[in-house]
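Note sheet for the following structure.
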């Protein structure tokens, strides 16, 4: 298989995956109810059949198919697996509001596409039956693990962003509380000032409190959605101060200083790990190139002046 055709297949697979995600997103909503509300706002008197016919073909045919596939996957997948996937999606920041069923459908779709690409590669190389099965099995395994790897990568990046932003957020909250604002007002200032995972979580806590959830429970739920040790210790100190009646401003100042010390310690730890991480590229990539540049001309001169002089000349 030449490179242009393989590239076109990869692009087609990417388009199929993206369109499938859009369909899954639409399947979680109700296009018919949205269209009925649209006609009701216009004050037009039409029948349900006319409203359905006015909908796009994808909403009339493809979205119900995607909804049935999603329900089928939910029935087949164990509840514990769905709960674990939902928790991982929460840790990743709920990318594109994807559900656990949608993630597993995406994983199965990627597996099928990778398996098809593996079959095409095997057929192009004219491989035997056993080798073709090995190609397909390897592609299926790669397609199964890639979505999980991407999800874990998003979780790690989100945790690192929260750890990096936490000391600055605590400084701002300390200033706000010492200026006379309540703790909820300080969280509101952080949510309004920045647009990052930590600020979004503070904003979500405030929304949940407006909907009737207690501050204690909302903060505990925020800890579960992050699983960052620094945030866990900070929220534990705030909840303890709430329970015992301590000063929140003092707790915030102490926590801010501790977070800055921890951030500096992490930076020093990474600086100490840098020489070890640089060892591999130095030994296997940079040193051979340097030796080739420095010793290459000398080696050629030695060879030309030795027994192989006639052969090289």
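Grab the Cα-Cα distance for residue 290 and residue 261, subtract it from 0.36 nm times how many residues apart they are, and report the gain in nm with one decimal.
Contour length minus the Cα-Cα distance gives 6.4 nm.
Can you tell me the FRET efficiency between residue 282 and residue 214 if r is taken as the Cβ-Cβ distance and R0 is 41 Å, rounded to the nearest 0.05?
On the way: r = 55 Å, r/R0 = 1.35.
After rounding to 0.05, the efficiency reads 0.15.
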Inset, instruction - Please give the FRET efficiency for residue 146 paired with residue 242, using the beta carbon to beta carbon distance and R0 = 41 Å, rounded to the nearest 0.05. - result: 0.40
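How long is the gain from residue 156 to residue 221 if the chain were fully straight, where each residue apart is worth 0.36 nm and the alpha carbon distance is subtracted?
Answer, rounded to one decimal: 21.5 nm.
Among 104, 194, rank each residue by its count of other Cβ atoms within 10 Å, from fewest to most, as a rough exposure measure.
Working: 104 19, 194 16.
Least to most surrounded, the residues fall as 194, 104.
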Inset, instruction - With a point put 7 Å past each Cα toward its Cβ, work out how far residue 134 is from residue 269 in nm, to one decimal. - result: 4.2
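No lab work stands behind these numbers, since they all come straight from the coordinates. Treat the numbers as computed from the prediction; the structure is a model and nothing was measured. Backbone-built Cβ (ideal geometry, glycine too); neighbour counts: all protein chains shown.
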